[in-house]
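The values are calculated or read from the model by the stated rules, or taken from the named source; none is laboratory data. Bear in mind the structure is a predicted one, so any value in this text is a computation, not a measurement. All Cβ positions, even for glycine, are placed from backbone atoms using ideal geometry, and neighbour counts span all protein chains on display. Protein only, heavy atoms only, side chains kept; ligands, DNA and RNA dropped before computing areas. Shrake-Rupley method; radii C 1.70, N 1.55, O 1.52, S 1.80 Å.
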Amino acid sequence: MATEFTGEHLLPGQLGYFFVIISFVASLFSAFSYLRAAQTETVDPFGSKSWLRMGRGGFITHTVAIVSIFVALYYVIANHLFEYHYAWSHSSLDLPGKYLLSCFWEGQEGSFMLWMFWHSILGLVVMRTAKSLETRTMTIIAMVQVILGTMLLGIHFGPDIKVGSTPFLLLRHAMQGAPIFSMPNYMSFVKDGNGLNVSLQNYWMVIHPPVLFLGFALSLIPFAYCIAALWKGDYITFLKPTIAWTLVCGAILGTGIMMGGRWAYESLNFGGYWAWDPVENASLVPWLTLIAGLHTLLIYRSTGRALTITFIFLTLSQLLVWYSTFLTRTGILGKTSVHAFTGDGQALYYHLLIVLGILLAITVWMLALRWRKLPRIGSEEATLSREFWMFIGSAVIFISAVMIIFSTSQPVWAPLAKMITGKEPAPPIDVMKHYNDTQVWIAIVIGILAGATMYMKYKKTEAALLWRRIAVVAVISGAMTFTIGYLQHIDAWQYALMLFSACFSIVASIAYGISVQKTRIKNLGPVIGHLGFAMSLLGILLSSFNKHVISFNTTGIDFGFEKGSEEANMKESRENEILFLGTKVAMGDYFATYTGDSSTQGKDKRVYYKVKFERLDSVSHKATETFMLYPDAFINPKGNESGLSANPDTKHYLTHDVYTFINSATDKSKSDTSTYKSHIMHNPGDTIYLDNGFMTFDGFSKEVNDKRYEPVAGDIAVTAKLTVHDMTGGIQHLSPIYIVRNKEYATRIEDTIKSMDLYTRLENIIVKSQDSAFAEIMVRQTNPKDDYIVLKALVFPYINVLWGGVIVMVLGFFVSLGKLLGSKTKTRVSADLFPEDETDMPANVALGERPPVK
């Protein structure tokens, strides 16, 4: 007889899994129907329309099922149904409600579901807009949804083969070997969940993953249009929608990547926004190949050249999204990345390899099928032509992507290298230096090309006019480079070249927009995009090259950091400063004072540390500027019971940021050595001096307003009214209570100010006469040396140039998109969206014929 378990809520999970099955079956039905519609378009138009209607119905059903899965899982998480393994693994009772959505994408299943959700929404848009290409593009989109759907099935074939993992798996099934789960009332022992990773408890992680996954999902659409074009050799109809979707994908995926950088900057304590972490690289590389493909696509639209490489770049972008998924979710990067997915990686290993194999096979097959018939131009490009240098730029971007993904994939190819050479390649000792030393040259080349190619025309450019314009831009850029380099002390010659490259692109973009485009906004998309990219390069250079530490350890204390090598440990100790409670220390141009924390006995385990910064006048020594920063940390979080998980806090200026984070702090549950001291208060106004302020006695009161006090008949209750003044001028009030009950014994209720670690108790009332009495006040305050933080503070100069550059670049994508969608022509628009250039696409290519093959 089957065991009946009590306390479980099975209906939400049963409904959720039912919709998992419905979504999988509906996507499979839609993919097959769309495939049949595509195959019968020419031979049986009437039958094709029937298949088309069924394909649409299947995909709409699939989308409704995906939304229903979301609703069911949100219900499970929001209601803390810990009988479900996913809710137990990623949430807890003390998790603030604003982070409930983050629980979705912390786990493998939830992030795959988010990916499917975006695909389904985008599929509805493609269904509405693809027109003659709908059957072919939707076949690919629905097929990918089938693949993603297998990730949620959680079906076992024997003891060793598992297909996917369902988010509605019961806890007792996931841990069925544990004896407790054989008990019918096991839920009475499951009091709380494991909780959300503390690094994800940040508002950026509520919005960053959805945007990033939308970018990943968008990369499927250009892929689908490319396969649709290759399928039937239609190289014109696909052009405009592919450019449009590639622009959208470039904007959204780029935004998602930099949101991740912003999250790292505001939530991780490695001291920056980009660390060349493998997970960061894995999201960057598909974007790079997409941008390369966008530029070659524009070359093809305007000249008929570069179609083959365009198909390779745009299909490779989607393949790299899946390869990145393979890297980040199978545990391969577990030793090299701080935030790769872990967990059921081995089961996903072969699953994702099969998916990659299927998509790669489709791509290679389609390219091989049409290879000899792809349109090509027989003549060579002119050296001084826009298409030539745009192609060079795309090739350089692709080389950058190859270099990054090769280094990132070291855990994949290192075992093979060991088999061949007998030695396993060692990873770079300094990862930042390894990538920076190579990518700086990519940045130099791309920055110059981004500025110079705007002044060129397709097919052929007038050399004299080009060189005059370039010379003017170069002179202005050189002066700008010298000025910035001198003021910012950029003395490394490769970074001086990068500075010139960024300045050249900025000046060229602005000059082109004013002198050639006459500031016509709708025509400025590429100009704005290139300007934003150049600003980003400049911001990266200025904020990284001159990033400097302002917290220096002058005590000689070895804080015992574990940063790898002994040299790295010593360096980290030198760059952190210990701040005792209430003690002012010099820190760069400021004086910093640790004034307390927000620790409570409540549910919130995050502790905010209050650090006061003051800039003093050199003559009067008076504060000319004062501000508070609140870096926070989780002390001994789940999974890290002997450590600290910190989040930075930053003071933002127009020209720089002051960036702080905690590397160590007092664990007050273990280190408080303070004791109570007695103070006799004779009269109102008497004062007790504290470590970080003073406290005055204001007299007694019989009015007791404290929820902790529950009156009993016959009680005599009195409070001592105390006013506390802290070092910052703040004033707070305390009212410890003295209670005489049944005229036999006295009880006391303490009052505290946690931010000052101040505890008070009205120990006794000493009656002097009928009209007067003394108060014995017991005071306990933590010794400042028992309350400290170890703080690291850095200055990032001109980092707002980077954030502004990203916003401007994304704006450029959307301005270009608006120009494209506003064009009335169906098969082509003006070259590179620059209206003064006439398209040079040969007539036979425009008509869909094959031009002469070289």
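The portion of the accessible surface of the stretch 1-201 made up by carbon and sulfur, rounded to a whole percent, is 66 (1.4 Å probe; DNA, RNA and ligands excluded). Listed values for the stretch 72-85 are Karplus-derived 3J(HN,Hα) couplings in whole Hz (6.51 cos²θ - 1.76 cosθ + 1.60, θ = phi - 60°), namely 5, 5, 4, 4, 4, 6, 5, 9, 6, 7, 6, 5, 9, 4, and x replaces Gly and Pro.
The long axis of helix 307-329 is offset from the longest Cα principal axis of the chain by roughly 30 degrees.
Against the chain, whose longest principal axis comes from its Cα atoms, helix 493-515 is set at around 70 degrees.
When peptides 526-538, 442-454, 705-717 are ranked by their average number of other Cβ atoms within 10 Å per residue, the highest-first order is 526-538, 442-454, 705-717. Loop sites here are GluC sites (Glu not before Pro) outside DSSP states H, G, I, E and B with no more than 13 other Cβ atoms within 10 Å. The longest part of the chain free of them is 5-379.
Per-residue packing, averaged as other Cβ atoms within 10 Å, sorts the ranges 674-687, 500-513 into the order 500-513, 674-687, beginning with the highest. Could you work out how far apart the two model spin labels at residue 71 and residue 716 are, taking each label as a point 7 Å from the Cα in the direction of the beta carbon, and quote it in nm? About 6.5 nm, to one decimal.
Based on Cβ point charges of +1 for Lys and Arg and -1 for Asp and Glu, what charge dipole magnitude is obtained for the stretch 219-373 about its Cα centre, in debye rounded to the nearest 20?
680 debye
Of the residues 241, 633, 549, the one whose Cα sits farthest towards the positive end of the charge dipole of the chain is 241 (charges of +1 on Lys and Arg Cβ, -1 on Asp and Glu Cβ, taken about the Cα centre). A simple charge model with +1 on the Cβ of Lys and Arg, -1 on the Cβ of Asp and Glu and nothing else charged puts the dipole of the stretch 89-191 at about 220 debye relative to its Cα centre.
Projecting label points 7 angstrom from Cα along Cα→Cβ for residue 705 and residue 178 puts them 4.7 nm apart. Taking a Cβ cut-off of under 12 Å around residue 172, the surrounding Lys, Arg, Asp and Glu residues balance to a net charge of -2, with basic ones at +1 and acidic ones at -1.
In this structure the amide hydrogen of residue 657, modeled in the peptide plane, comes within under 5 Å of the amide hydrogens of 796, 798, 799, none closer than 5 places in sequence on its chain.
Residue order by solvent-accessible surface for 136, 128 is 128, 136, largest first, with ligands and nucleic acids left out and a 1.4 Å probe. Rolling a 1.4 Å probe across the protein heavy atoms gives the chain an accessible surface of 45 Å² per residue. From the list [x] 40; [y] 32; [z] 21, can you say which value of percent of Cα pairs over 50 Å apart was derived from the structure given? It is the value labelled [y]. For the stretch 675-781, pairs of C-alpha atoms spaced more than 24 angstrom apart make up 21 percent of the total. Residue ranking by accessible heavy-atom surface, 1.4 Å probe, largest first, among 137, 554 comes out as 554, 137. Among 25, 374, 221, which residue has its Cα furthest toward the positive end of the charge dipole of the chain, with +1 on Lys/Arg Cβ and -1 on Asp/Glu Cβ? After comparing all options, I get 374. Using a cut-off of 26 Å between Cα atoms, the listed pairs 721/768; 373/819; 612/677 include 373/819; 612/677 as exceeding that distance. For the chain, the longest principal axis of the C-alpha atoms and the axis of helix 134-150 are separated by about 40°.
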